[in-house]
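Notes to accompany the following structure.
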Amino acid sequence: MPPDTVRALALLVASMISIQFGASVAKGLFPVLGPEGTTTLRCGLAAVILLALQRPWRARPSRAALLAVALYGAALGSMNLLFYLGVARIPLGVAVALEFTGPLTLGAGDSVHETLESTLPQLNWGYRHVFDRLDRMADELRADRSLPKFAQAITLYHMIVEGTLAQPGQHYIEDFFNKEGSMPGFSEGMQHVSRDEQRHIGFGVKVLSEILPQSDECKAAVVELLREINKYSLGVFCPPGFDRSYSQCWGFELEDIYSFGLKLVRQRWKTIGFPMEEMPKDVWPLDHSLTADEVASRQIKLLLAGVTGAPCSHPDSSPEVQGLLFDLMARSANTRGAQNGPFTVQWRFTDASPWHMVVNNGSTRAVAGQSPDPDVTLSTDWGEWVSIAMNNANPLRSVAARRLRPKGSPRALNTFRKVFAPK
């Protein structure tokens with residue numbers, strides 16, 4: 001290592017030791033001098049030492065130089081005062097860690113943009129899609145100031161990003177530190193953040209409760225957004241490699257945070273006057289008679305099976321997982337498309353058990369096994385159908401590539417298109 005580099009590293013290490021030692025000594029002076037008096041003492045002693053070393057009276061500084069020195073001195077004094085005020089309220093170790101977070105974060109890149117770019121590998125599929133949509137929504141709202149677009153923006157930010165994603169995460173972080181009794185300064189900060197988030201969410205509920213009951217156009221706009229974003233928000237809490245230890249180390253299971261979030265979602269949409277069960281069936285294709293815990297358990301099974309969440313080339317095809325997916329499909333089906341009596345669709349998978357669905361005007365049921373007389377038969381593999389049903393893969397491309405082989409009369413195939421119309 002070059003001598004200049006060694007000297008530079010040695011100076012940096014000495015500087016860090018000096019800063020931490022000085023902060024420790026300073027905190028011991030707080031009972032006598034307080035944070036303000038300690039700041040004055042530190043900056044005053046530093047000024048005396050610099051005067052002795054630099055002897056600035058040997059050269060007459062310009063007015064511009066004096067202004068720069070005054071501004072720099074004010075910045076240093078303010079920085080030290082704010083730091084000591086923080087140290088007086090939270091543990092010294094936490095304060096020092098937070099103090100170094102900024103430089104370390106910016107050190108990940110040569111600019112704020114590069115620093116943010118360096119975090120991208122840590123962001124999962126659901127997170128990227130939700131926050132990419134938030135970026136696009138801001139652009140859309142600037143170009144379209146209509147009430148329906150405003151309702152979509154309020155729904156995306158206040159109801160989904162803050163109410164569905166941020167608040168459940170904050171709840172379990174706060175709960176962990178409250179139980180541990182550690183990091184009281186951090187816990188207090190999280191409480192303030194949560195209180196602020198709750199005000200934002202309350203604002204969103206209030207706005208939507210005033211405009212949705214009076215506007216079918218706004219309702220339709222919100223439904224359109226929920227259809228687009230729900231599958232992505234479901235995947236935000238999916239840990240890397242489906243490793244449950246990511247949540248267990250915080251004292252909760254994935255099912256817990258999904259259940260907590262669903263309870264909030266149900267309650268808020270009911271308060272708004274647009275309950276989940278009154279929305280089109282495909283928006284929330286859930287059994288609304290189930291408890292939040294039961295729904296969360298089902299959702300986690302589909303997520304870990306690779307059926308929902310990020311596209312998976314080899315999703316699990318166990319009977320339980322198949323049953324859960326076909327239940328979602330049955331609840332999403334447009335039964336009005338089968339107005340001429342029962343309409344039966346048979347799925348024959350090359351690598352999984354067959355299933356069929358009977359759609360009648362007003363009811364639908366999915367059943368494992370073969371149907372004796374289906375109107376439409378679809379032959380494919382399980383992964384291909386999951387891609388079509390859950391990830392909006394184009395079925396026409398699958399047909400053209402012979403990965404999906406439909407069989408039925410033209411009329412029956414047209415009925416299928418109406419019943420299972422892409423959203």
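Length available on full extension from LEU45 to LEU76: 0.36 nm per residue minus the Cα-Cα distance, which gives 9.8 nm.
Listed cross-link partners LYS231/LYS407; LYS231/LYS263; LYS263/LYS301; LYS231/LYS281; LYS179/LYS270; LYS149/LYS219 are compared with a 22 Å cut-off, the Cα-Cα value being larger for LYS231/LYS407; LYS179/LYS270. Here the spin labels are modelled as points 7 Å beyond Cα on the Cα-Cβ line, and at THR350 and SER209 they lie 5.4 nm apart.
A Förster distance of 22 Å, applied to the separation of the beta-carbon atoms of LEU85 and GLU188, puts the FRET efficiency at 0.95.
Using the Kyte-Doolittle scale, which helices in the chain average at least -1.0 and also have C-alpha atoms spread 15 Å or more along the helix axis, with helices defined as whole DSSP H runs? Answer set is 3-54, 63-87, 92-106, 125-143, 184-211, 216-234, 254-272, 292-304, 319-332.
Extension gain, ALA220-LEU67: 0.36 nm per intervening residue step, less the Cα-Cα distance, totals 49.2 nm. Taking every DSSP helix (H) stretch of at least 4 residues in the chain, weighting each as -39,500 (n - 2.57) and dividing the sum by the residue count yields a mean residue ellipticity at 222 nm of -20500 deg cm²/dmol. In the distance distribution for the range 124-310, Cα-Cα pairs more than 20 Å apart total 57 percent.
Note on the chain: GNM, Cα springs under 10 Å; of GLY189, GLY235, GLY383, the largest mean-square fluctuation is that of GLY189. Applying 0.36 nm per residue to the separation of ARG411 and ALA143 and subtracting their alpha-carbon distance, the gain on full extension is 92.2 nm.
In this calculation the C-beta distance from ARG365 to ASN230 is compared with R0 = 22 Å, giving a FRET efficiency of 0.40. Where a ≥ b ≥ c are the square roots of the eigenvalues of the C-alpha gyration tensor, would you call the chain rounded, which needs a/c under 1.5, or, failing that, prolate if a/b is larger than b/c, or oblate? Prolate, since a/c reaches 1.5 and a/b exceeds b/c. Rounded to the nearest Hz, the phi-derived 3J(HN,Hα) couplings of the range 342-359 under the Karplus curve 6.51 cos²θ - 1.76 cosθ + 1.60 (θ = phi - 60°) are x, 10, 10, 10, 10, 9, 10, 9, 6, 10, 7, 5, x, 9, 9, 10, 10, 10, where x marks glycine and proline. Taking the DSSP beta bridges with both ends in the chain, the antiparallel portion is around 75 percent.
Rounded to the nearest 5, the antiparallel percentage of DSSP beta bridges internal to the range 320-419 is 75%. Counting other Cβ atoms within 10 Å of each Cβ, which GluC sites (Glu not before Pro) in the range 178-279 have at most 15 and sit in a DSSP loop? Of the GluC sites (Glu not before Pro), the ones in loops of the range 178-279 whose Cβ has at most 15 other Cβ atoms within 10 Å are GLU253.
Values quoted throughout were computed directly from the atomic coordinates according to the rules given, and no laboratory measurement underlies them. The structure displayed is predicted, hence computed values, not measured ones. Note that each Cβ is placed from the backbone with ideal geometry, even for glycine, and that neighbours are counted across all protein chains shown.
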